[in-house]
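Visitor: Handing you a structure now.
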Amino acid sequence: MENRNSMFSSLRSQLAKQETSCLQITRGCLDKIDKGAPMNAFIAVQAERALRQAQQVDEKIRRNKAGRLAGMVVAIKDNLAVSGESTTCGSKMLKNFVPPYQATVIDRLLAEDAVLIGKTNMDEYAMGSSTENSAFGPVRNPHDLTRVAGGSSGGSAAAVAAGMCTAALGSDTGGSIRQPAAFCGVVGLKPTYGRVSRYGLIAYASSLDQIGPFGRDVYDCALLLEVIAGKDPRDATSSDTAVPPFHTAVGQPVKGLRIGIPREYAGDGLQPEIEQALRRAAERLADSGAEVCSVSLPHSEYAIAAYYVIATAEASSNLARYDGAHYGFAANQRSDLEEMYVHTRTQGFGSEVKRRIMLGTYVLSSGYYDAYYRKALQARTVIKSDFITALDQVDCLLTPTTPTTAFKLGEKIDDPLTMYLSDIFTVSVNLAGLPAISFPFGRDENNLPIGLQMIGRPFDESTILRTAGLLSEL
């Protein structure tokens, strides 16, 4: 099972030789969290729980009964429910919410002896591309504290990059795993829609959301995906497609594979160094025996517009439940029911969440449904068809993850349209329900990480793990 290029495999080897312990690894992560406090990667750190878990894992290792993730310290994005622990979704609305239930992915991590170290900071309700929309303040990029970590899973990406944990979980609705992974120089995997149960994930846009892993390398992400993937009777959208041993794909030769590069993903707005990295990656694949060719995704220009209609419409519906009556934040002004609703939602939600709720409510309203929402669904079908056609010709697609490297804090926060365009290479993958992985491939002139993306056929995560494993470099 071990992979010599994997950070976690190296830790497992040290654990087996008793050169370290899970308790020492966990303490090391907690120390880095303390030293990295200005990064603001965590909303809550469960130090006592983590140390207690680590001791239990060490005992299991001594008895040779430890699970596949023994020694792995995992951070959890704060929109995933952990029973008995606060789950805020980065929002004032859920500041004091403690779920009585637990996400399926958390159960699966614990069953394989992962240590859970804490809940990571995020854009409120996963709505953002920079983790500047959090009620708990922005996350700073570990490579340059004046820059964003990406979003919405910025805390998870930054924590992994800074060594505050071995790996992390995030959620990806339009790029929220892959984009921060690219900005922070780590690996981030968005699985096929339905590959991983969404039970216990606080919904943003239910037809787009998917949970996935962050790691320092491709192998660690593959192993995490093996653990969290699979059918769940509590999530009707989860698939019963067999879960292969993903870790065995990493390190396999790419000779004979056909890799497509979409013509529409180059040109204006793409940072020159990212374009150069894309060319270098194509050359490396070709040198390794893969065939690299050009393909077309002709309706790519409609992806951002279709995504922000569909996502905001679903957000409007999903967030209607936060009204001050059932759970979470409730405003003090309660002269009547309507006033309570208004004040609760006005005070409880941040500006970006309000913007998206209003957009979504508008596109679903009488007289506008057909003009916007129905049209966006039609565009989604056409975009998905483009991918199916392209992936009939090739085994996977190589693209940039983002048009630029990490931008400055505050640079785009007051310009929503410019911010939305930072997801231009990622949103179409969610619209099509496909798997995709972002991996680090070089740096720009400011020494900021560059991320590239591999997109695969439905439920064929193995091929993108195989190709990303060849290319990935810190």
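Visitor: Output the number of the condition that Ala277 fails; it satisfies all remaining conditions of (1) closer than 16 Å to Ser472 by Cα; (2) touching a strand residue (DSSP E or B) at 6+ places or on another chain (Cβ under 6 Å); (3) surrounded by fewer than 21 Cβ atoms within 10 Å (Cβ to Cβ).
Guide: Single failed check for Ala277: (3).
Visitor: Do you know which of the residues in the range 187-220 that are under 13 Å from the mean Cα position of the chain (by Cα), among the aliphatic types (A, V, I, L, M) and closer than 23 Å to Leu110 by Cβ is surrounded by the most Cβ atoms within 10 Å (Cβ to Cβ)?
Guide: Leu189
Visitor: Then there's this: Can you pull out the residues in the range 98-126 that are surrounded by fewer than 17 Cβ atoms within 10 Å (Cβ to Cβ) and either farther than 26 Å from Lys231 by Cβ or in contact with a helix residue (DSSP H, G or I) (Cβ under 9 Å, 6 or more places away or on another chain) (or both)?
Guide: If the condition is that a residue be surrounded by fewer than 17 Cβ atoms within 10 Å (Cβ to Cβ) and either farther than 26 Å from Lys231 by Cβ or in contact with a helix residue (DSSP H, G or I) (Cβ under 9 Å, 6 or more places away or on another chain) (or both), then Val98, Ala111 are the ones that fit.
Visitor: Another question, then. Just one of (1) crowded, with 16+ Cβ neighbours inside 10 Å; (2) modelled with pLDDT of 95 or more; (3) out of contact with any Pro (no Cβ under 9 Å at 6 or more places or on another chain) trips up Leu15, so point out which.
Guide: For Leu15, the exception is condition (2).
Visitor: So Ile76 passes all but one of these: (1) out of contact with any Asp or Glu (no Cβ under 6 Å at 6 or more places or on another chain); (2) free of Cβ contacts under 8 Å to residues at least 60 places away in the same chain; (3) not polar (S, T, N, Q). Which condition number does it fail?
Guide: Condition not satisfied by Ile76: (2).
Visitor: Can you pull out every residue in the range 145-177 that is buried (at least 24 other Cβ atoms within 10 Å of the Cβ) and in contact with a Leu (Cβ under 8 Å, 6 or more places away or on another chain)?
Guide: Matches in the range 145-177: Val148, Ser156, Thr166, Ala167, Leu169, Ser171, Thr173, Gly174, Ile177.
Visitor: While we're here: Within the group Leu51, Leu69, which residue is out of contact with any Cys (no Cβ under 8 Å at 6 or more places or on another chain), in contact (Cβ under 8 Å) with a residue 40 or more places away in the chain and more than 30 Å from Ala331 (Cα to Cα)?
Guide: Working: Leu51 fails: in contact (Cβ under 8 Å) with a residue 40 or more places away in the chain.
One residue alone meets the criteria, Leu69.
Visitor: Kindly indicate whether Val254 is touching a residue at least 24 places away in the same chain (Cβ under 8 Å), out of contact with any strand residue (DSSP E or B) (no Cβ under 9 Å at 6 or more places or on another chain), crowded, with 16+ Cβ neighbours inside 10 Å and in a loop (DSSP other than H, G, I, E, B).
Guide: Details: touching a residue at least 24 places away in the same chain (Cβ under 8 Å): yes; out of contact with any strand residue (DSSP E or B) (no Cβ under 9 Å at 6 or more places or on another chain): yes; crowded, with 16+ Cβ neighbours inside 10 Å: yes; in a loop (DSSP other than H, G, I, E, B): yes.
Yes: the conditions hold for Val254.
Visitor: Something else about it: Within the range 411-444, can you find the residues that are polar (S, T, N, Q), part of a helix (DSSP H, G or I) and either under 16 Å from the mean Cα position of the chain (by Cα) or modelled with pLDDT of 95 or more (or both)?
Guide: Ser422, Ser428, Asn430, listed by residue number.
Visitor: Looking at Leu223, Leu257 in this structure, which one is more than 14 Å from Phe441 (Cβ to Cβ), modelled with pLDDT of 95 or more and within 21 Å of the chain's Cα centre (by Cα)?
Guide: Leu223
Residue-wise test of (1) surrounded by 15 or more Cβ atoms within 10 Å (Cβ to Cβ); (2) more than 29 Å from the chain's Cα centre (by Cα); (3) touching a residue at least 60 places away in the same chain (Cβ under 8 Å).
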{"residue": "Ala303", "(1), (2), (3)": "yes, no, yes"}
{"residue": "Ile310", "(1), (2), (3)": "yes, no, yes"}
{"residue": "Asn318", "(1), (2), (3)": "yes, no, yes"}
{"residue": "Arg321", "(1), (2), (3)": "no, no, no"}
{"residue": "Glu338", "(1), (2), (3)": "no, yes, no"}
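Visitor: Name the single residue, out of those in the range 1-60 being assigned to a helix (DSSP H, G or I) and of a type in the set (Val, Ile, Thr), that is farthest from Gly90 (Cα to Cα).
Guide: Val57
Visitor: Here's something else I'd like to know. Consider the range 180-220. How many of its residues are touching a Pro at 6+ places or on another chain (Cβ under 9 Å) and either at pLDDT below 95 or under 19 Å from Pro449 (Cβ atoms) (or both)?
Guide: Qualifying residue count for the region: 14.
The values are calculated or read from the model by the stated rules, or taken from the named source; none is laboratory data. Bear in mind that the values here come from a model prediction, so they are computed numbers and not experimental data. Backbone-built Cβ (ideal geometry, glycine too); neighbour counts: all protein chains shown.
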